[in-house]
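Okay, so here's the structure we're looking at.
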Amino acid sequence: MKFAGKVAVVTGGGRGIGWTIARHFASRGAAIAIADIDGEVARHAARELAREGTAALGVACDVADEAMAASAMAQISSMLGGIDMLINNAGRHLLRYAVPITQLPVAEWRTMLDVNIIGIVNCSAACRPSMRERGGGVIVNMGSIAGIAATNCYGVSKLAVRGLTVGLAKEFAGDAIRVCGIAPGLVDSPAAMAEMPAERTASFVRDLQLVRRQGTMQDVAHLAEFLCSDEASFITGETINVSGGFPLRP
Ligand SMILES: NC(=O)c1ccc[n+]([C@@H]2O[C@H](COP(=O)([O-])OP(=O)(O)OC[C@H]3O[C@@H](n4cnc5c(N)ncnc54)[C@H](O)[C@@H]3O)[C@@H](O)[C@H]2O)c1
């Protein structure tokens, strides 16, 4: 129960990787707030955690909306007693964004960048006062290995997440807030699996990774747990890949 007495906020925590992290952190004793644009799914997820004995709150929050992010974090902080950990997981990643850079309509670019980048800025800024009051905290930003080559809008947004992780780590260090990033490879969230044709998923594992198995949401949750723990108290500003060695394969 390494997170007993701690409060974690998971954005986009109603489904997929975020929900897996929320459940995993709850199993380690944390109180959990789920902030998701889909308020119904956030409340449902919180009820499920509460049934298992976790102090949990589900809040409707579009992370791209500065005022909404501020009011969600204030509500969470006052209802759960503060915020120690923020997992900036909410993100858009639909395959429709995976087109050549100049072929994506500008409105789509703006939506993607608003959620994947500005969303992190909004939620991090909104959590900072509570973390400062509690003597420090940890922020984990969800990047992607797509940010290594950054050949499309999604990849560019995730490359920016790496930069934001460094910048926020520097800016928040004076408040004893560490900021780290996770860059998953392809993992088995229902959304990713539904989008990706089965043959493409198989060839990703077979031809692009060093570790020949499908990456899982639990793989990501374990890394998030480590980065938020005291064992990682000397790590900040870093983004760590959890990708089965994806970029290393010749
Ligand atoms: N699945 C993968 O293979 C993979 C790989 C690398 C990175 N990622 C990243 O991990 C994160 C989660 O991915 P997933 O596959 O679980 O996605 P998902 O689509 O299953 O879940 C995303 C959640 O975020 C919520 N959300 C979307 N826009 C939001 C907004 N504006 N404000 C608040 N909540 C919002 C959705 O309602 C949903 O509950 C994303 O940032 C994604 O880019 C995923």
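The values are calculated or read from the model by the stated rules, or taken from the named source; none is laboratory data. Since the model is a prediction, treat every value here as computed from it, not as a measurement. Positions of Cβ are backbone-derived with ideal geometry, glycine not excepted, and every protein chain shown enters the neighbour counts.
Summary of computed values
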quantity: Residue match in region 228-235 (condition: near the ligand (Cβ under 9 Å from one of its atoms), farther than 23 Å from Arg96 by Cα and surrounded by 21 or more Cβ atoms within 10 Å (Cβ to Cβ)); calculated: no
quantity: One residue from Ile145, Ile139 being of a type in the set (A, V, I, L, M, F, W, C), touching a residue at least 24 places away in the same chain (Cβ under 8 Å) and away from the ligand (no atom under 11 Å from the Cβ); calculated: Ile139
quantity: Selected residue (criterion: surrounded by the most Cβ atoms within 10 Å (Cβ to Cβ)) from residues of region 121-139 that are outside any helix (DSSP H, G or I) and more than 15 Å from the chain's Cα centre (by Cα); calculated: Gly137
quantity: Residues of region 1-51 satisfying the condition of being polar (S, T, N, Q) and either surrounded by 21 or more Cβ atoms within 10 Å (Cβ to Cβ) or at pLDDT below 95 (or both); calculated: Thr11, Thr20
quantity: Single residue of region 23-57 satisfying the filter (in contact with a strand residue (DSSP E or B) (Cβ under 6 Å, 6 or more places away or on another chain) and in contact (Cβ under 8 Å) with a residue 60 or more places away in the chain) that is farthest from Asp84 (Cα to Cα); calculated: Ala35
quantity: Candidates Ala150, Ala146, filtered to the one that is within 26 Å of Leu104 (Cα to Cα), hydrophobic (A, V, I, L, M, F, W, C) and in contact with a His (Cβ under 9 Å, 6 or more places away or on another chain); calculated: Ala146
quantity: Selection within region 73-100 - over 21 Å from Thr20 (Cα atoms) and either at pLDDT below 95 or within 9 Å of the ligand (Cβ to nearest atom) (or both); calculated: Leu95, Arg96, Tyr97, Ala98, Val99, Pro100
quantity: Scope region 181-205; condition within 16 Å of Gly18 (Cβ to Cβ) and more than 10 Å from the ligand (Cβ to nearest atom); matching residues; calculated: Gly181
quantity: Hits in region 153-192 - residues which are small (Gly, Ala, Ser) and surrounded by fewer than 17 Cβ atoms within 10 Å (Cβ to Cβ); calculated: Gly163, Gly167, Ala173, Gly174, Ala176, Ala191
quantity: Some residue of region 31-42 being more than 10 Å from the ligand (Cβ to nearest atom) and on the phi > 0 side of the Ramachandran plot; calculated: no
quantity: Where a residue in region 215-227 is under 17 Å from Thr11 (Cα atoms) and its partner, wherever it lies, is in a helix (DSSP H, G or I), with Cβ under 6 Å and at least six apart; calculated: Met217/Ile17; Met217/Thr20; Val220/Ile17; Ala221/Thr20; Ala221/Ile21; Ala221/His24; Ala224/Ile21
quantity: Subset of region 45-72 [away from the ligand (no atom under 16 Å from the Cβ) and not charged (D, E, K, R)]; calculated: Ala50, Gly53, Thr54, Ala55
quantity: Residue in region 185-195 that is within 22 Å of Arg92 (Cβ to Cβ), out of contact with any Leu (no Cβ under 9 Å at 6 or more places or on another chain) and among the β-branched types (Val, Ile, Thr) present; calculated: yes
